């Protein structure tokens, strides 16, 4: 088996060999074991779309999730979609604090398919270091038990990329010395049909979300989140809320149990 690159996409080329029996038995050689890279490629499909090659990677465990993010990071042709086949618990293969990371420039979608991604208190669930003009969309996924020493207990975005949540649950995540118990972003954030519950920014603002730019929130619920200020939301440039339920959040010393706007 060899790999060829055609128009930016990797294509698997398989040579078929006819084995002809000589003597009483047919000798065969067992196939080689697949290495980690091959395992990721085997779950990858590509299709040509306007502006690039769309890559879909199906993942079922922590190693596959991390490898898929690394593969997408190294391929600027994008867009890329990661599809979870089941619940995934982090912290099984890597040291505490080793965040799964996307640092590419192509758009990325993480489609949870209704499953759970649980950090087990070991790390963030996702760190994004991507430039303005890149969009990272998380949909139909529960993100639980993220931990960060600084900003963004569950998800951190740096570099100006846009972040979108669609039908997502972010719960029980903690940022110890920074902002955004659930999510911290220096880019735009959009939230639709999602729930943020039980997240905590111990020494910072925004129990659920801290965002540097104005963002829309629609049809979502924020409950039981807490922070030094802005128990649910802390925004530097305002937020547009529509059909949003904010209940039981604690704004701490700086106040703003539901919303703290500093811009």
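The values are calculated or read from the model by the stated rules, or taken from the named source; none is laboratory data. A quick note: this is a predicted structure, and the numbers were derived from the prediction, not measured. All Cβ positions, glycine included, derive from the backbone under ideal geometry; neighbour counts span all protein chains shown.
Which of the residues belonging to region 84-108 are part of a loop (DSSP other than H, G, I, E, B) and modelled with pLDDT of 95 or more? Spell out the reasoning first.
Here is the first cut: in region 84-108, the ones part of a loop (DSSP other than H, G, I, E, B) are 85-87, 90-100, 103-107.
Selection gives 85, 86, 87, 90, 99, 100, 103, 104, 105, 106, 107.
Table: residues versus (1) under 14 Å from residue 91 (Cα atoms); (2) assigned to a strand (DSSP E or B).
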residue	(1), (2)
120	yes, no
124	yes, no
127	no, yes
153	no, no
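Read through the list (1) surrounded by 18 or more Cβ atoms within 10 Å (Cβ to Cβ); (2) at pLDDT 95 or above; (3) not in a strand (DSSP E or B), then give the number of the only condition that residue 81 fails.
Checking residue 81 against (1) surrounded by 18 or more Cβ atoms within 10 Å (Cβ to Cβ); (2) at pLDDT 95 or above; (3) not in a strand (DSSP E or B), the one that fails is (3).
Of everything in region 229-250, what is in contact (Cβ under 8 Å) with a residue 40 or more places away in the chain and over 24 Å from the mean Cα position of the chain (by Cα)? Give them in sequence order.
Going residue by residue through region 229-250, those that are in contact (Cβ under 8 Å) with a residue 40 or more places away in the chain are 234, 249-250.
Hits for region 229-250 are 249, 250.
Please verify whether region 133-143 includes one or more residues that are in contact with a strand residue (DSSP E or B) (Cβ under 6 Å, 6 or more places away or on another chain), modelled with pLDDT of 95 or more and outside any strand (DSSP E or B).
The initial filter retains those residues of region 133-143 that are in contact with a strand residue (DSSP E or B) (Cβ under 6 Å, 6 or more places away or on another chain), namely 135-143.
If we keep only those that are modelled with pLDDT of 95 or more as well, we get 135-143.
Add one more test, that the residue is outside any strand (DSSP E or B), and what stays is none.
Taking every residue of region 133-143 in turn, none turns out to be in contact with a strand residue (DSSP E or B) (Cβ under 6 Å, 6 or more places away or on another chain), modelled with pLDDT of 95 or more and outside any strand (DSSP E or B).
Being surrounded by fewer than 17 Cβ atoms within 10 Å (Cβ to Cβ), over 15 Å from the mean Cα position of the chain (by Cα), part of a strand (DSSP E or B) and at negative phi: is that true of residue 55 here? I'd like the intermediate steps shown before the answer.
On the way: surrounded by fewer than 17 Cβ atoms within 10 Å (Cβ to Cβ): no; over 15 Å from the mean Cα position of the chain (by Cα): yes; part of a strand (DSSP E or B): yes; at negative phi: yes.
No, not satisfied.
Could you figure out which of (1) at pLDDT below 95; (2) assigned to a strand (DSSP E or B); (3) closer than 26 Å to residue 189 by Cβ isn't true of residue 45?
Evaluating residue 45 over (1) at pLDDT below 95; (2) assigned to a strand (DSSP E or B); (3) closer than 26 Å to residue 189 by Cβ leaves (3) as the failure.
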